[in-house]
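The values are calculated or read from the model by the stated rules, or taken from the named source; none is laboratory data. Just so you know, these numbers come straight off a predicted model, no measurement behind them. For neighbour counting, all protein chains shown are included, and Cβ atoms are generated from backbone atoms with ideal geometry for every residue, glycine included.
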Amino acid sequence: MGIIFGCALMAAGVLAMLIGFWKTLILVCLFGVGYFLGTIDNFSSFIREKANRIIPDKSAQPIDIKSEIARDQGTVMKTDYVFTSETEEESKE
């Protein structure tokens with residue numbers, strides 16, 4: 001594993017000297033994206049899943065923030081507090 005990593009760094013260094021740092025960086029990034037896309041088993045379902053996360057179905061209803069906040073506040077346990085001016089000593093007498 002160390003030899004492979006060392007060879008990759010050496011190749012990146014040689015490329016940086018020959019074609020420049022930024023071109024080498026772009027080349028390495030494109031290589032990484034290509035490797036990632038090449039490891040996907042079912043490419044069409046992967047693209048469909050990612051597209052559905054970005055662009056939802058037309059049947060999906062948008063969330064109404066005001067009604068969601070009101071619904072959440074309604075679920076908060078409401079308790080009735082009774083405040084009296086009597087202290088425990090006064091109530092015993």
Checklist outcome for this item: ASP72 meets each of (1) at pLDDT below 85; (2) surrounded by fewer than 10 Cβ atoms within 10 Å (Cβ to Cβ); (3) not in a helix (DSSP H, G or I) with one exception, condition (3)
Checklist entry - Which pairs do you get when a residue that is of a type in the set (Phe, Trp, Tyr), found in region 40-64, comes within reach of a residue that is surrounded by 10 or more Cβ atoms within 10 Å (Cβ to Cβ) and in a helix (DSSP H, G or I), reach meaning Cβ atoms under 8 angstrom, with the pair 6+ apart or on two chains? => result PHE43/LEU37
